[in-house]
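The values are calculated or read from the model by the stated rules, or taken from the named source; none is laboratory data. None of these values were measured; they are calculated from a predicted model. Ideal geometry is used to build each Cβ from the backbone, glycine not excepted, and the neighbour counts take in all protein chains shown.
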Amino acid sequence: MYLGVNVDHIATVRQARGTSYPDPVEAANAAANAGAHGITVHLREDRRHIQDQDVWRMREEQPLPLNLEMGNTPEIVDIALKVKPDEVCLVPEKREELTTEGGLDVVGNYAALQSSCSRFRDAGLAVSLFIDPDPRQLDAAASLEVPMIELHTGTFCERKGAEREACLQELISGAKQAHDAGMQVNAGHGLNVENLEALFPVPHLHTLNIGHSIVARALMLGMHAAVHEMLTLMRGYRP
Ligand code: PXP
């Protein structure tokens, strides 16, 4: 299982004061040195954390594959086509939300997603869709012929007891469905050192994208130790 480290919230601290530090590229390099496998940034329409310049610098100044998370809007699609990250992950985006809330409605936005997916495919970028483990949404993703999806784990992470168990069963069947349809299965949102192991019954997990909890741990331990700690826990996964 691979770890993609999302460094958005390094930029959140920087933007809080309008300083030039802390630098998300420096954090990405520290994550790379600690053994992370990829870097994720989300260029939001409102630029609340990551800025355009950060995305360009991530391409040039850190060694890991770059996954650009983004809403499916013309402005950001154009930027992605210019920057050419290794992967783009399309997510739903609302201005008023604190963080991404739930997966994409692939069924409801099929035509718009189809158009962007084919532009990305033509440009040689791998496309991922961030979706809930809902059989209809997974079917729609498969028919868009994307190579991978990212299962939204946010609800699973928030719930406790029987409710969490129900979310786990949905993630298990979603992962099987995506894998059987030939898509790589990634997962992310809300994962931390406390809840990670509870996700391990989910089969076929390829990459976990983890941001907020790693940055929060990095405040206490440093980036290298925070990434190392997560990688050590992930080694317990038996697919
Ligand atoms: N995956 C996706 C698609 C996301 O939108 C986010 C949040 O930016 C993450 C993973 C990482 O979530 P978290 O910061 O809760 O680890």
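Here are the numbers:
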read-out: Some residue of segment 87-101 being of a type in the set (Asp, Glu), away from the ligand (no atom under 15 Å from the Cβ) and at negative phi; value: yes
read-out: Output for segment 11-56, where each listed residue is within 13 Å of the ligand (Cβ to nearest atom), assigned to a helix (DSSP H, G or I) and surrounded by fewer than 22 Cβ atoms within 10 Å (Cβ to Cβ); value: Thr12
read-out: Asp8 surrounded by 15 or more Cβ atoms within 10 Å (Cβ to Cβ), within 16 Å of the ligand (Cβ to nearest atom) and closer than 20 Å to Leu219 by Cα; value: yes
read-out: Residue within segment 88-104 that is assigned to a helix (DSSP H, G or I), modelled with pLDDT of 95 or more and either small (Gly, Ala, Ser) or surrounded by 14 or more Cβ atoms within 10 Å (Cβ to Cβ) (or both) present; value: no
read-out: Among the candidates Val202, Val215, residue that is under 26 Å from Pro24 (Cα atoms), modelled with pLDDT of 95 or more and either in a loop (DSSP other than H, G, I, E, B) or within 16 Å of the ligand (Cβ to nearest atom) (or both); value: Val215
read-out: Some residue of segment 207-218 being among the hydrophobic types (A, V, I, L, M, F, W, C), surrounded by 15 or more Cβ atoms within 10 Å (Cβ to Cβ), over 17 Å from Glu150 (Cβ atoms) and in contact with a helix residue (DSSP H, G or I) (Cβ under 8 Å, 6 or more places away or on another chain); value: yes
read-out: Where a residue in segment 224-239 is more than 19 Å from Asn29 (Cα to Cα) and its partner, wherever it lies, is aromatic (Phe, Trp, Tyr) and not in a helix (DSSP H, G or I), with Cβ under 8 Å and at least six apart; value: Gly236/Phe200; Tyr237/Phe200; Arg238/Phe200
read-out: Test result for Leu138, away from the ligand (no atom under 11 Å from the Cβ), closer than 23 Å to Ala112 by Cα and crowded, with 24+ Cβ neighbours inside 10 Å; value: yes
